[in-house]
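Below you'll find the structure, written out as structure tokens, and then a few comments.
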Amino acid sequence: MLREALLVGIGGFAGSISRYLVSGAMTAACVSFPMPLGTFTVNAAGSFLMGLLLALLDRSGWYYLCVVGFCGGFTTFSTFSSEMVQMIRSSHYLQSLLYIALSVTICAVMVWIGMLIGEKTIS
């Protein structure tokens, strides 16, 4: 249990730093984009990576480090939720609905694609 917790912590540390860097770079590159593109990009990429890793890894140390730790630290669904609420509170209803629909749909599809690619890799 302690070993897994340490692996999750190490992975979460790396995932959080990666999220900060990727999200910041996307936000800086797309300043005039009408949605929080940094968070959207991180959620889509993290969802794909999680699907791929779920297909490739068993419940070993790598699973705790990469899936639970790194992907858990990298993806930002709580940030997504906060930004969505802020958009609604700012009366940006159409943008918030688009953001919700795209985020949920694209991320679910990315997990599915990641799992398909991962399953093909191991077969």
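Each value in this text was obtained by applying a stated rule to the coordinates, not by laboratory testing. All values derive from a computational prediction rather than experimental measurement. Glycine also receives a Cβ, built like all others from the backbone with ideal geometry; neighbour counts cover every protein chain displayed.
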Stretched fully, the stretch from L2 through L116 gains (0.36 nm per residue minus C-alpha distance, one decimal, in nm) 37.8 nm
Answer label, with P(r) over Cα pairs in 10 Å bins from 0, in percent calculated from the coordinates and candidates (i) 14, 38, 32, 13, 2; (ii) 14, 52, 31, 3, 0; (iii) 14, 47, 34, 6
(i)
Under the Karplus relation 6.51 cos²θ - 1.76 cosθ + 1.60, θ = phi - 60°, what is the ordered set of whole-Hz ³J(HN,Hα) values for the range 57-73, x standing for Gly and Pro?
9, 8, 7, 8, x, 4, 4, 5, 5, 8, 7, 6, x, 4, 5, x, x
Sequence gap at least 6, Cα distance under 8 Å: using those rules, report the relative contact order of the chain to the nearest whole percent.
39 percent
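In deg cm²/dmol, rounded to 500, what helix-only [θ] at 222 nm does the chain give when every DSSP H run of at least 4 residues adds -39500 (n - 2.57) and the total is split over its residues?
-26000 deg cm²/dmol
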Nearest-20 debye value, the chain charge dipole, Cβ charges on Lys, Arg, Asp, Glu:
80 debye
From the phi angles alone, apply the Karplus equation (6.51, -1.76, 1.60; θ = phi - 60°) to the range 28-39 and give each ³J(HN,Hα) in whole Hz, x where the residue is Gly or Pro.
5, 6, 10, 4, 8, 5, x, 10, x, 5, x, 5
Rough spin-label spacing in nm, given labels placed 7 Å along Cα→Cβ, for S123 and S90:
4.5 nm
How large is ³J(HN,Hα) for each residue in the range 78-93, as worked out from phi by the Karplus curve 6.51 cos²θ - 1.76 cosθ + 1.60 (θ = phi - 60°), to whole Hz, x for Gly and Pro?
5, 5, 3, 4, 4, 5, 5, 5, 4, 5, 5, 5, 8, 6, 9, 5
